[in-house]
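Each remark here refers to the structure printed beneath this line.
The values are calculated or read from the model by the stated rules, or taken from the named source; none is laboratory data. Just so we're clear, the structure is a prediction, and the values are computed from it rather than from any experiment. Glycine gets a Cβ as well: all are built from the backbone with ideal geometry, and neighbour counts include every protein chain shown.
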Amino acid sequence: MTDPAQQSQAAGEDQGADSRLATPGAITYLHIPAADVRQAAAFYREVFGWHVNNPDSDRPSFDDTSGHLSGAWVSDQVVAAEPGLLPYIYVNQVDETVARIVAHGGEIVTGPFPEGLLTVATFRDPAGNIIGLWHDTTR
């Protein structure tokens, strides 16, 4: 998927943004900074199973497994190397995901630990962005 504004322009004025993303108040689109956007796309595809569109382009885009978040890897924005805004990705097993992160070139910043009824961790992707993981341990 492309940037929602670009998608609307590319499709013509008669078509708007993807209807599953046009949810008032929801975060549905995200830019992920990366110097090597192809490497970043491969990392998220392999670790999280995200669908990558145009993986060989200079701006690959993605749809996450929920179908409610899309975005693109961009090389013209600063990597989020220090947590400010810290997005978290829900996973089935934090420990298994941590192993996949390391196997695909990521680094664990904070290993898995309990936070109430959750298990959480943070990692640095190959581009240097810090992202969180979480799992509801009551499931």
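Summed over region 95-110, the residues that are under 16 Å from the mean Cα position of the chain (by Cα) and not in a strand (DSSP E or B) give a count of 7. In the condition set (1) within 17 Å of residue 85 (Cβ to Cβ); (2) more than 15 Å from the chain's Cα centre (by Cα), residue 119 is compliant with all but (1). The set of residues from region 84-94 being in a loop (DSSP other than H, G, I, E, B) and within 15 Å of the chain's Cα centre (by Cα) comprises 85, 86, 87, 91.
Yes/no per residue for (1) in contact with a Ser or Thr (Cβ under 7 Å, 6 or more places away or on another chain); (2) under 20 Å from residue 104 (Cβ atoms):
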{"site": "34", "(1), (2)": "yes, yes"}
{"site": "46", "(1), (2)": "no, yes"}
{"site": "51", "(1), (2)": "no, yes"}
{"site": "62", "(1), (2)": "yes, yes"}
{"site": "67", "(1), (2)": "no, no"}
{"site": "73", "(1), (2)": "no, yes"}
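Considering (1) over 30 Å from residue 18 (Cα atoms); (2) touching a helix residue (DSSP H, G or I) at 6+ places or on another chain (Cβ under 6 Å); (3) without any contact (Cβ under 8 Å) to a residue 60 or more places away in the chain, the lone condition that residue 47 does not fulfil carries the number (1). Across region 34-64, the number of residues qualifying as surrounded by 14 or more Cβ atoms within 10 Å (Cβ to Cβ) and within 20 Å of residue 90 (Cα to Cα) comes to 16. How many residues does region 73-88 hold that are in contact with a Pro (Cβ under 7 Å, 6 or more places away or on another chain), of a type in the set (S, T, N, Q) and surrounded by 12 or more Cβ atoms within 10 Å (Cβ to Cβ)? So the answer is 0. Residues that are at pLDDT 95 or above and polar (S, T, N, Q) within region 66-76 comprise 70, 75, listed in sequence order. On the stretch given as region 89-120, residues that are touching a residue at least 40 places away in the same chain (Cβ under 8 Å), exposed (fewer than 14 other Cβ atoms within 10 Å of the Cβ) and more than 10 Å from residue 135 (Cβ to Cβ) total 0.
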